[in-house]
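The structure under discussion appears below in the form of structure tokens.
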Amino acid sequence: MGNSSTNLDCDHMHASVSANFLDAENQAPPSPVMLPLSTASLSRESASGAPAIPADLGAPLGDHAPASLGPSAADQPGLNAVDFSAPSGTAAQSSAVADAPPVHPYGTRLRHNIRCPKVRTDGTVTYSVVRSSAPEPTSHVAAMEHPLWRQAMDDEFQALLKNKTWHLVPPRAGLNVIDCKWVFKLKQKPDGSIDRYKARLVAKGFKQQYGVDYDDIFSPVVKPTTIRLLLSLAVSRGWPIRQIDIQNAFLHGLLHEDVYMKQPPGFVDSQHPDYLCKLDKSLYGLKQAPRAWFSRLSSKLLQLGFTASKADVSLFIFNKAGIQMYILIYVDDIIIVSSSSMATKRLLAQLQADFAVKDLGTLSYFLGIEVRHTSHGLVLTQRKYIQDLLSRTNMLTSKGVSTPMVPSEKLLLESGDKLSPEDTTRYRSVVGALQYLSLTRPDISFCVNRVCQFLSAPTTVHWAAVKRILRYLHDTADMGLCFTKSGSSLLSAFSDADWAGNPDDRRSTGGYAIFFGGNLISWSSRKQPTVSRSSTEAEYKAVADATAELIWIQVLLRELGISQARPPSLWCDNIGATYLSANPIFHRRTKHVEVDYHFVRERVSTRQLDVRFISSKDQLADIMTKPLPASSFSHFRRNLNLVLRRPD
């Protein structure tokens, strides 16, 4: 990154020099101003209206540099600086050209197209940003002409027939008939290579009518904190972690409503071309498809002796005959954590009797998260996801930075110029992608939360803040959340608040980080819903939020059969908030604090929570509430178990 930093600094300096010479030309200085020939060309371009530096912050500055440079003006005989103050072809210009001293232009390796790619010798496979030359078809007609896509469509259609997804019925008047379409996707491996060609028949569920062909549509998914907690538990106990995928998962859901659909394009029955498909089982695209699939799978697991968790309904627990097994469900992606490999094999055999189960082996890639197993535990990274995001925003060659946000920067609601409708859509898309990235990157939680507050009307200043986050991710793409073996099952939390840190409405930002043993399993950075009248009130609200999360995790641990020797510890760097949670006399002067936050006091009085004071320099949650200098940011990031992915 050192080379990139030098290149971009030189580009900015070059543009700045050109701008200064333009000002000198417009003001007609008394003495002639001498420029190298290459700089003069850049100045003419700026004067004609085209920007010398690209206006699109996403485009790398190096893209606007000359592709190749010959010898400089100072090195070529008879080619000297040009005086813009004299008219072209005059004797004054000839004299200036003859008498001007040679000026050496700025030169960088980027301008001369000199690149030194890193050669990896540790066996690491880097993600290739070059996509396959075979594009994804946009219609079934185009897909029919490609043998591989045609085969994928045939496989999908045969799977639908084998599953008895529908049966043909004659059309009737008064039916709500929905359409369907083929969707094509190139499935890729973590290194970017093609895994398989996937064709899927999708119903156009937006044409469904409530109360006619659908009712309830909500389907639960597992919480990220539950995933991290079970991964930490598996690493500490040395249990295997398996991953399975249910092929055509939504097709297994049973429908309780009458849904009619047109026959699939390209596969219309020749004997009954006008018949309709009456769906007996769920299909992708239907509004009730996720709920129908989850209901079918959960019913099967309950039959096998599992119990559904009350803390997280997507978690199923089996604890019998000395065998402990946990199943996490996220639509059709399933993680199995078990104390016995043989029990896992028996479970897969029983699931295969009802579903098309694909055993993916040891957990390695889940929901866009790469899981790398090491001798000390495992590391969760999203490198491929970051590379895709940088490629989509033209930031692959950007200059890296050490922090995601400038400490002295205060983002305001009205600062900068409003973005165009197209750029506003792009802003929302990128910020949404950053939110998903924070599943494994607590170091960007605060800055992502900050830029999310301007989604309604983003400006150029807000977009520049997003670009800085991307530059930080470019420099730390290999960084991930580390889980190591730990013999402790105690919960410890850090909470902090930045009092009145929002300059627009003076609300405070609260955050917390919760550890299970030595592994980080939960964190949050959020603007508080009400204005606090003092720093003590803001800190106390942050303590209350962390306490609520601790209570939920304790319920989950009890369901998993994990007992704790002593109550959780909650570290706060505000003495007033610490006293407020323990001293009932102090409560008489704090009636303005909402009553619902006082359940912290109840937890402390019943010895179910231990609130302690910690110095601000050791407060890990500080990274969740405000932008920090590089040294403090790096220190807290390291203590949050964020490490660069390295081979054993």
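The values are calculated or read from the model by the stated rules, or taken from the named source; none is laboratory data. What you see is a predicted model; the values in this text were computed from it and never measured. Here Cβ is always computed from backbone atoms with ideal geometry, including for glycine, and neighbour counts include all displayed protein chains. Just so you know, the surface numbers come from the protein's heavy atoms only, side chains and all, with ligands and any DNA or RNA stripped out. Shrake-Rupley method; radii C 1.70, N 1.55, O 1.52, S 1.80 Å.
For the reader, a short list of remarks on this structure follows.
- For residue 250, solvent-accessible area (1.4 Å; no DNA, RNA or ligand), Å²: 30
- Amide H to amide H, with H built 1.01 Å from N, residue 180 comes under 5 Å of 204, 262, counting only residues 5 or more places away or on other chains.
- Summing charges over neighbours of residue 279, with a neighbour being any other residue whose Cβ is under 10 Å away from its Cβ, gives -2 when K and R count +1 and D and E count -1.
- Percent RCO, i.e. relative contact order, over the stretch 208-329, from Cα pairs under 8 Å lying at least 6 residues apart: 30
- Put simply, when 558-568, 508-518 are sorted by average Cβ atoms within 10 angstrom per residue, most first, you get 508-518, 558-568.
- Annotation: per residue accessible area for the stretch 474-601 equals 41 Å², rounded to a whole number [probe 1.4 Å, protein chains only].
- A cut-off under 11 angstrom between Cβ atoms defines the neighbours of residue 348, and their net charge, with Lys, Arg +1 and Asp, Glu -1, is +3.
- Site pair residue 168 and residue 375 shows an inter-label distance of 6.4 nm when each label is modelled 7 Å from Cα along Cα→Cβ.
- Annotation: residue 313 carries an accessible surface of approximately 70 Å², with a 1.4 Å probe and no ligand, DNA or RNA atoms counted.
- Ordered from largest to smallest accessible area (heavy atoms of protein chains, 1.4 Å probe), the residues 156, 549, 414 come out as 414, 549, 156.
- With all protein chains modelled, accessible area of residue 167 [1.4 Å, Å²]: 80
- Computed with a 1.4 Å probe over protein heavy atoms only, the accessible surface of the stretch 326-470 comes to 39 Å² per residue.
- Each peptide among 632-644, 377-389, 417-429 gets the average number of other Cβ atoms lying within 10 Å of its residues, and from highest to lowest they stand as 377-389, 632-644, 417-429.
- Accessible area per residue, Å², the stretch 203-268 with all protein chains present, probe 1.4 Å: 42
- As a rough guide to protection, the peptides 407-413, 287-293 ranked by mean Cβ packing within 10 Å, highest first, stand as 287-293, 407-413.
- Inter-part distance, the stretch 268-288 to the stretch 383-462, computed on C-alpha centroids, equals 43 Å.
- Here the stretch 498-577 and the stretch 614-633 have alpha carbon centers that stand 15 Å from each other.
- Links that overshoot a 27 Å alpha carbon limit, given the list 223/358; 223/399; 187/310; 162/185; 310/617; 207/418: 223/399; 187/310; 310/617; 207/418
- Accessible surface of the stretch 167-276 [probe 1.4 Å, protein heavy atoms]: carbon and sulfur percent: 51
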